[in-house]
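A short write-up of the structure that comes next.
The values are calculated or read from the model by the stated rules, or taken from the named source; none is laboratory data. Since the structure is predicted, the reported quantities are computational estimates derived from the model, not experimental observations. Because the Cβ atoms are built from the backbone with ideal geometry, glycine has one as well, and the counts that use them run over all protein chains shown. When the accessible area is computed, the model is the full protein with side chains, heavy atoms only, and any ligands, DNA or RNA have been set aside. Shrake-Rupley method; radii C 1.70, N 1.55, O 1.52, S 1.80 Å.
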Amino acid sequence: MIPLCLVAGFLGSGKTTLLRRIATANRGRRLLFLVNEFSAADIDGRTLAAEGLDVLVLPGGSIFCRCLVTQFIGQLDAVAARAAAGPLDGVVIEASGMAEPRVIVWLLAETRLDARYELARVIAVAVPVRLLKLVRTLPALRAQLEAAEVVVLNKCDLATPAACAEAGG
């Protein structure tokens, strides 16, 4: 089984920075980073690839909606086939800011990819300054926080201690 780590968070929360830190902390392990850009422009994927990471990019929508789900499934099939030829320690997925991460469990089961992949962890990245306002207006952000096993409060240096405490509570 290939472990999957899903990283979700709203635009500008620091998902790509977290991916860099995951890569640094796991030097010597063979990780593949699958980056989902909601926009058609691939910025994060190019940045990570330039740093020497093994990156696949799916731009132009969300991997969990009709616009990219077929391509996402195809990429996971290709990665699993590639892993059969050589060891792969895991896949880290950076979902677009609008992703509903609970869909991945259903998607893996429905496509039978759950025979090759195991959802090991869901991480949500949030910024305290915007979190409390956005969580009330964006259902996707609320879903990301609810699905996460780990919530990273990022950019706390830009918030008051009270805002950080309220966001973390």
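List of remarks:
- Whole-number accessible area per residue in Å² for the stretch 22-169, which is evaluated in the context of all protein chains at 1.4 Å: 53
- Using the Stokes-Einstein relation with a Kirkwood hydrodynamic radius computed over Cα pairs, the translational diffusion coefficient of the stretch 73-169 at 4 °C and a viscosity of 1.567 mPa s comes to 85 µm²/s.
- For the stretch 10-103, the convex hull spanned by the alpha carbon atoms encloses 97 Å³ per residue.
- Accessible carbon and sulfur surface of the chain relative to its total accessible area, %, 1.4 Å: 57
- Here the stretch 45-85 yields Rg over Rh of 1.03, to two decimals, using C-alpha coordinates and the Kirkwood radius.
- Descending principal axes extents, the chain, alpha-carbon based, whole Å: 51, 33, 29
- Each of the peptides 4-14, 99-109 was scored by the mean count of other Cβ atoms within 10 Å over its residues; in descending order, highest first, they stand as 4-14, 99-109.
- Difference of contour (0.36 nm per residue) and Cα-Cα distance, residue 89 to residue 51: 11.8 nm
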